[in-house]
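The values are calculated or read from the model by the stated rules, or taken from the named source; none is laboratory data. Just so we're clear, the structure is a prediction, and the values are computed from it rather than from any experiment. Ideal geometry is used to build each Cβ from the backbone, glycine not excepted, and the neighbour counts take in all protein chains shown. These accessible areas exclude ligands, DNA and RNA; they are computed on the full protein's heavy atoms, side chains included. Shrake-Rupley method; radii C 1.70, N 1.55, O 1.52, S 1.80 Å.
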Amino acid sequence: MSRLLVGGSADMAYDNNNIFAKILRGEAPAFKVFEDDHTLAFMDVMPQIAGHTLVIPKFAAVDLHELPVVSLAQTMATVQRVSGAVKQAFSAPGIMIAQLNGPAAGQTVFHLHFHIMPRYEGLEMGMHAREMADFAVLNEHAERIREQLAQSATG
Ligand code: 5GP
(Lines give C-alpha, C1' and ligand atoms only; values in the text may rest on other atoms or scores of the structure.)
Protein backbone atom coordinates (compact mmCIF):
# COMPACT_ATOMS: atom_id res chain seq x y z
CA MET A 1 0.00 0.00 0.00
CA SER A 2 2.70 2.51 0.93
CA ARG A 3 4.33 1.93 -2.48
CA LEU A 4 1.12 3.19 -4.03
CA LEU A 5 1.31 6.33 -1.92
CA VAL A 6 5.01 7.09 -2.26
CA GLY A 7 6.82 7.27 -5.58
CA GLY A 8 10.26 6.36 -4.24
CA SER A 9 13.03 8.10 -2.37
CA ALA A 10 15.61 10.79 -3.00
CA ASP A 11 19.34 10.07 -3.20
CA MET A 12 19.93 12.00 0.03
CA ALA A 13 18.45 12.10 3.51
CA TYR A 14 16.15 14.97 4.48
CA ASP A 15 18.06 17.65 6.43
CA ASN A 16 15.84 19.29 9.07
CA ASN A 17 18.04 22.38 8.93
CA ASN A 18 17.49 23.20 5.27
CA ILE A 19 16.33 26.79 4.80
CA PHE A 20 12.75 25.90 3.86
CA ALA A 21 12.39 23.71 6.97
CA LYS A 22 13.53 26.75 8.98
CA ILE A 23 10.98 28.95 7.21
CA LEU A 24 8.26 26.37 8.00
CA ARG A 25 9.26 26.38 11.68
CA GLY A 26 9.33 30.18 11.75
CA GLU A 27 13.07 30.20 12.42
CA ALA A 28 13.88 32.06 9.19
CA PRO A 29 11.91 34.94 7.64
CA ALA A 30 9.95 34.78 4.40
CA PHE A 31 7.56 37.00 2.45
CA LYS A 32 4.59 34.67 2.75
CA VAL A 33 1.63 34.88 0.38
CA PHE A 34 -0.45 31.85 1.36
CA GLU A 35 -0.55 29.17 4.03
CA ASP A 36 -2.91 26.33 4.87
CA ASP A 37 -2.61 23.15 6.95
CA HIS A 38 -0.55 21.38 4.30
CA THR A 39 1.34 23.98 2.29
CA LEU A 40 3.12 27.33 2.34
CA ALA A 41 3.77 29.82 -0.48
CA PHE A 42 6.31 32.63 -0.31
CA MET A 43 8.44 34.87 -2.53
CA ASP A 44 11.70 33.48 -3.91
CA VAL A 45 14.41 35.67 -2.36
CA MET A 46 16.51 35.51 -5.57
CA PRO A 47 13.74 35.82 -8.16
CA GLN A 48 14.40 35.00 -11.79
CA ILE A 49 11.61 37.41 -12.69
CA ALA A 50 9.28 39.73 -10.74
CA GLY A 51 6.61 37.64 -8.99
CA HIS A 52 8.71 34.45 -8.75
CA THR A 53 6.95 32.53 -5.97
CA LEU A 54 7.63 29.17 -4.32
CA VAL A 55 5.12 26.61 -3.02
CA ILE A 56 6.22 23.94 -0.57
CA PRO A 57 4.46 21.10 1.23
CA LYS A 58 4.66 21.00 5.03
CA PHE A 59 5.68 17.37 4.60
CA ALA A 60 9.44 16.76 4.94
CA ALA A 61 10.30 15.54 1.43
CA VAL A 62 13.62 16.14 -0.32
CA ASP A 63 12.06 15.96 -3.76
CA LEU A 64 9.04 14.92 -5.78
CA HIS A 65 9.69 11.21 -5.42
CA GLU A 66 9.42 11.32 -1.64
CA LEU A 67 6.08 13.06 -1.35
CA PRO A 68 2.99 10.96 -0.66
CA VAL A 69 0.40 11.39 -3.40
CA VAL A 70 -2.12 12.93 -0.99
CA SER A 71 0.40 15.65 -0.05
CA LEU A 72 1.24 16.12 -3.72
CA ALA A 73 -2.41 16.77 -4.52
CA GLN A 74 -2.62 19.30 -1.67
CA THR A 75 0.56 20.97 -2.87
CA MET A 76 -0.61 21.15 -6.48
CA ALA A 77 -3.90 22.65 -5.35
CA THR A 78 -1.90 25.47 -3.75
CA VAL A 79 0.32 25.78 -6.84
CA GLN A 80 -2.79 26.21 -8.99
CA ARG A 81 -4.37 28.71 -6.62
CA VAL A 82 -1.24 30.83 -6.12
CA SER A 83 -0.33 30.62 -9.82
CA GLY A 84 -3.67 32.18 -10.73
CA ALA A 85 -3.09 35.00 -8.26
CA VAL A 86 0.48 35.59 -9.54
CA LYS A 87 -0.85 35.70 -13.11
CA GLN A 88 -3.37 38.37 -12.15
CA ALA A 89 -1.03 40.32 -9.87
CA PHE A 90 1.70 40.57 -12.52
CA SER A 91 -0.56 40.76 -15.61
CA ALA A 92 1.37 37.78 -16.96
CA PRO A 93 0.22 36.24 -20.24
CA GLY A 94 2.20 33.14 -19.35
CA ILE A 95 3.11 31.28 -16.16
CA MET A 96 5.93 28.77 -15.94
CA ILE A 97 5.89 26.09 -13.23
CA ALA A 98 9.27 24.49 -12.55
CA GLN A 99 10.40 21.84 -10.12
CA LEU A 100 13.95 20.48 -9.89
CA ASN A 101 14.93 17.09 -8.44
CA GLY A 102 18.53 16.46 -7.40
CA PRO A 103 21.73 18.50 -7.83
CA ALA A 104 22.14 17.17 -11.37
CA ALA A 105 18.86 18.87 -12.26
CA GLY A 106 19.93 22.10 -10.55
CA GLN A 107 18.11 21.66 -7.23
CA THR A 108 19.81 23.77 -4.56
CA VAL A 109 17.36 23.60 -1.63
CA PHE A 110 16.52 20.06 -0.58
CA HIS A 111 12.93 20.46 0.54
CA LEU A 112 10.54 19.86 -2.36
CA HIS A 113 9.29 23.09 -3.92
CA PHE A 114 7.49 24.32 -7.01
CA HIS A 115 8.56 27.54 -8.74
CA ILE A 116 5.82 29.80 -10.13
CA MET A 117 7.24 32.32 -12.61
CA PRO A 118 5.43 34.91 -14.73
CA ARG A 119 6.47 34.85 -18.41
CA TYR A 120 6.09 37.46 -21.13
CA GLU A 121 6.78 37.28 -24.88
CA GLY A 122 10.36 38.40 -25.50
CA LEU A 123 11.30 38.89 -21.83
CA GLU A 124 14.03 36.54 -20.70
CA MET A 125 14.25 35.35 -17.09
CA GLY A 126 17.30 36.03 -14.92
CA MET A 127 19.77 33.37 -13.79
CA HIS A 128 18.66 30.70 -11.31
CA ALA A 129 19.23 31.58 -7.61
CA ARG A 130 21.76 34.29 -8.46
CA GLU A 131 20.77 37.78 -7.28
CA MET A 132 19.12 38.74 -3.97
CA ALA A 133 16.07 40.99 -4.44
CA ASP A 134 15.35 44.22 -2.59
CA PHE A 135 13.23 43.24 0.43
CA ALA A 136 10.92 46.25 0.04
CA VAL A 137 10.18 45.12 -3.52
CA LEU A 138 9.59 41.51 -2.44
CA ASN A 139 7.26 42.76 0.28
CA GLU A 140 5.27 44.80 -2.25
CA HIS A 141 5.08 41.84 -4.64
CA ALA A 142 3.88 39.54 -1.83
CA GLU A 143 1.21 42.10 -0.95
CA ARG A 144 0.00 42.20 -4.56
CA ILE A 145 -0.35 38.42 -4.65
CA ARG A 146 -2.10 38.31 -1.26
CA GLU A 147 -4.60 40.92 -2.53
CA GLN A 148 -5.39 38.77 -5.57
CA LEU A 149 -5.83 35.70 -3.38
CA ALA A 150 -8.18 37.62 -1.11
CA GLN A 151 -10.20 38.81 -4.12
CA SER A 152 -10.50 35.32 -5.58
CA ALA A 153 -11.59 33.99 -2.17
CA THR A 154 -14.41 36.52 -1.90
CA GLY A 155 -15.26 36.90 -5.60
P1 5GP B 1 16.03 25.02 -6.51
O2 5GP B 1 17.35 25.39 -7.10
O3 5GP B 1 16.27 24.11 -5.34
O4 5GP B 1 15.02 24.53 -7.47
O5 5GP B 1 15.42 26.37 -5.99
C6 5GP B 1 15.68 26.93 -4.75
C7 5GP B 1 15.14 28.34 -4.80
O8 5GP B 1 15.13 28.81 -3.47
C9 5GP B 1 15.99 29.28 -5.64
O10 5GP B 1 15.18 29.88 -6.63
C11 5GP B 1 16.50 30.30 -4.62
O12 5GP B 1 16.53 31.60 -5.13
C13 5GP B 1 15.52 30.16 -3.48
N14 5GP B 1 16.05 30.42 -2.16
C15 5GP B 1 17.26 30.06 -1.68
N16 5GP B 1 17.40 30.45 -0.39
C17 5GP B 1 16.24 31.07 -0.07
C18 5GP B 1 15.77 31.70 1.13
O19 5GP B 1 16.44 31.78 2.14
N20 5GP B 1 14.52 32.23 1.10
C21 5GP B 1 13.74 32.18 -0.03
N22 5GP B 1 12.53 32.73 0.05
N23 5GP B 1 14.15 31.60 -1.17
C24 5GP B 1 15.39 31.06 -1.19
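Per residue, the range 1-150 exposes an accessible area of 53 Å² to a 1.4 Å probe, with every protein chain left in place. Using only the Cα atoms of the chain, each taken as one equal point scatterer with no solvent, compute I(q) by the Debye sum, divide by I(0), and report log10 of the ratio at q = 0.19 Å⁻¹. The Cα Debye sum returns log10 ratios of -1.24. Helix 69-89 and the long axis of the chain differ in direction by around 10°, with both axes built from C-alpha atoms.
Taking amide H atoms as placed 1.01 Å from N in the peptide plane, the amide H of V33 lies under 5 Å from those of A41, F42, M43, each 5 or more residues away in sequence or on another chain. Quick one: what are the phi-derived ³J(HN,Hα) couplings along the range 37-42, Karplus 6.51/-1.76/1.60 with θ = phi - 60°, whole Hz, x for glycine and proline? Here the 3J(HN,Hα) series is 5, 10, 9, 9, 10, 8 Hz.
Annotation note: GluC sites (Glu not before Pro) in the range 112-155 located in DSSP loop regions with a Cβ neighbour count of at most 13 within 10 Å are E121, E124, E131.
Taking 0.36 nm per residue of sequence separation and subtracting the Cα-Cα distance, how much length would be gained by fully extending the chain between Q80 and A98, in nm to one decimal? Walk me through the numbers on the way to the answer.
Numbers: separation 18, 0.36 × 18 = 6.48 nm, distance 1.27 nm.
Length gained, Q80 through A98: 5.2 nm.
The GluC sites (Glu not before Pro) of the range 17-117 meeting both criteria, a DSSP state outside H, G, I, E and B (loop) and at most 15 other C-beta atoms within 10 angstrom of the site's C-beta, are E27. Heavy-atom accessible area, probed at 1.4 angstrom with all protein chains present, ranks S83, S9 as S9, S83, highest first. Carbon and sulfur atoms: what percent of the 1.4 Å accessible area of the chain do they account for? Heavy-atom surface of the chain belonging to carbon and sulfur, 1.4 Å probe: 56 percent. Computed with a 1.4 Å probe over protein heavy atoms only, the accessible area of D134 comes to about 90 Å². Cross-link partners for K22 among the aspartates and glutamates, with Cα-Cα distance under 16 Å and sequence neighbours closer than 8 places in the same chain left out: E35, D44.
Using only helices, what value at 222 nm comes out for the chain when you add -39,500 (n - 2.57) per DSSP H run of length 4 or more and divide by the total residues, to the nearest 500 deg cm²/dmol?
Working: 4 runs with 52 residues, N = 155.
Counting only the DSSP helices, I get -10500 deg cm²/dmol.
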